[in-house]
Amino acid sequence: MSTASTAANNAGETATDAIREARKAASGASGNLESDLQMLRGEFARLADQVAGIVAGSAAWRRAKAGIDEAVAEAEDKGREAASAVREVSGHFVDAIDESIKTRPYTTLAIVAGIAFLFGATWRR
């Protein structure tokens, strides 16, 4: 935004300079009104170009900001989906363990003992 405000200040100074030049030309009473008008047209054309640059710059800033906002929103949505998937998988895992304990308690105990042995063996090293 500081670039836009600086550009706006520069445009305002340019407009002030153009008005000063027009006043000098009018007060000088040069008699060459057509050349003074041509100079004034050139100044206004330059001012219009600067204002158009300011407007285009702010539009580009809005587009960039909208793109960033969209990317952040998409990342938040993906994070929520991932958390939901983890909750769902952990729920299924707990249900599977409960079912295994009810239907095959000795097999489940043997599997847990084997996993504990492997974990203990790797922990020592």
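The values are calculated or read from the model by the stated rules, or taken from the named source; none is laboratory data. Keep in mind the model is a prediction, meaning the values are calculated, not measured. Positions of Cβ are generated from backbone atoms using ideal geometry, with glycine treated the same way; all protein chains shown enter the neighbour counts. To get the accessible areas, we keep the full protein, side chains included, count just its heavy atoms, and leave off ligands, DNA and RNA. Shrake-Rupley method; radii C 1.70, N 1.55, O 1.52, S 1.80 Å.
If you build the convex hull over the alpha carbons only and average its shadow over all orientations, what do you get for segment 64-125? Give it in nm² to one decimal.
Numbers: hull surface 27.8 nm².
Spelled out: convex hull of the Cα atoms, projected over all directions, averaged, 6.9 nm².
A 1.4 Å probe run over the protein chains yields, for segment 39-125, 86 Å² of accessible area per residue, whole-number rounding. Calculated on the Cα set of segment 28-84, radius of gyration then Dmax: 24.6, 81 Å. Each Lys or Arg adds one and each Asp or Glu takes one away; over the other residues whose Cβ falls under 14 Å from the Cβ of H92, this sums to -3. Once both labels are positioned 7 Å from their Cα atoms along Cα-to-Cβ, the gap between A66 and V94 label points is 4.4 nm.
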